[in-house]
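In what follows, a structure is listed as structure tokens, so that the remarks can point back to it.
The values are calculated or read from the model by the stated rules, or taken from the named source; none is laboratory data. Everything numeric in this text was worked out from a predicted model, so none of it was measured. As a convention, Cβ positions derive from the backbone with ideal geometry for all residues, glycine included, and neighbour counts pool all protein chains shown.
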């Protein structure tokens, strides 16, 4: 079994600039010393230099791949009307309060271990790591639902760029797609599917540009007929695309990547556009099912099938060890930096996690 005591208290570790205080520790003013997470949470838009209050190591570990963009999103949340303090606080604390658990993979080889991180998550659609985890769930749910299906189609519907607000553009494309699904020809050809909205800024026009991407099940649907039907509904847009799905995993990955792209680079780099996106997306459903697929739980948590390991010699599966607490992520990262071999081993294993690390939205 994994022994948490393997994580020693190394006396050679450099002193922590924000050491944890005893429960009864007081500052000269007589108030409890705030933790690093609380100091980070108390940061406000009025700070001259937010970097003066460093985030906890655990927060930095989760968000290092998109840190510059995250600061822009946080600033936009702070300056957007209608964003609640609770949402801002959750966004700031995403990745905090992290601790590491470990377990043995094979009881016969206790030195072989795997580790995972348990931490606070904000679940904000503008948070890239949280969006990636949400996309992973959607991907798992769709692949499980589609595994025995045939006659799948990948459909893209676009709207002509117009000088309107993002809220108006989203309302319009959602309304047009609802009208399309009610057309007899659509109902005859398409039985059900899943759709997601992609939003970006047109490269040439500089206007909001919305697409709808679908994975749908149904009969052969000529592209020219779909284009005519879409033009009749929108009055000015006829660019559509429909093609058969080859690899199901590829099609699902294609549409679920937009779950992680609430705002692409062009939006994040424009503070005013980013605030518009935060306002327009608030409370709006950007992915859903229709037709015979309605009722499919897209965010269903996948069953953990990794609690067993397969022994090739015995040709059988055996249970892995129980998860045990190893320590806080902040402590392990400090020990690793100080040269502790076991802490460095844990960090290497965490970085080899098959889940892709956070990436900058593109």
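Values for this structure:
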read-out	value
Count of the range 252-272 residues which are modelled with pLDDT of 80 or more and surrounded by fewer than 19 Cβ atoms within 10 Å (Cβ to Cβ)	9
Residue in the range 180-214 that is farthest from residue 251 (Cα to Cα), counting only those that are part of a helix (DSSP H, G or I) and out of contact with any helix residue (DSSP H, G or I) (no Cβ under 7 Å at 6 or more places or on another chain)	184
Residues of the range 328-341 satisfying the condition of being surrounded by fewer than 20 Cβ atoms within 10 Å (Cβ to Cβ) and under 25 Å from the mean Cα position of the chain (by Cα)	328
Selection status of residue 292, modelled with pLDDT of 80 or more, surrounded by fewer than 18 Cβ atoms within 10 Å (Cβ to Cβ) and touching a strand residue (DSSP E or B) at 6+ places or on another chain (Cβ under 6 Å)	yes
Residues of the range 304-328 classified as under 23 Å from residue 350 (Cβ atoms) and either modelled with pLDDT of 80 or more or assigned to a loop (DSSP other than H, G, I, E, B) (or both), total	13
Which listed residue is assigned by TED's automatic domain parsing to the domain that holds residue 244, in contact (Cβ under 8 Å) with a residue 12 or more places away in the chain and under 20 Å from the mean Cα position of the chain (by Cα), from 189, 200	200
Unmet criterion (only one of (1) surrounded by 20 or more Cβ atoms within 10 Å (Cβ to Cβ); (2) within 20 Å of residue 150 (Cβ to Cβ)) for residue 244	(1)
Residue match in the range 92-109 (condition: buried (at least 16 other Cβ atoms within 10 Å of the Cβ) and assigned to a helix (DSSP H, G or I))	yes
Criterion (assigned to a helix (DSSP H, G or I) and modelled with pLDDT under 95) met by exactly one of 161, 144	144
Residue under evaluation residue 111, criteria (1) at pLDDT below 90; (2) in contact with a helix residue (DSSP H, G or I) (Cβ under 8 Å, 6 or more places away or on another chain), criterion not met	(2)
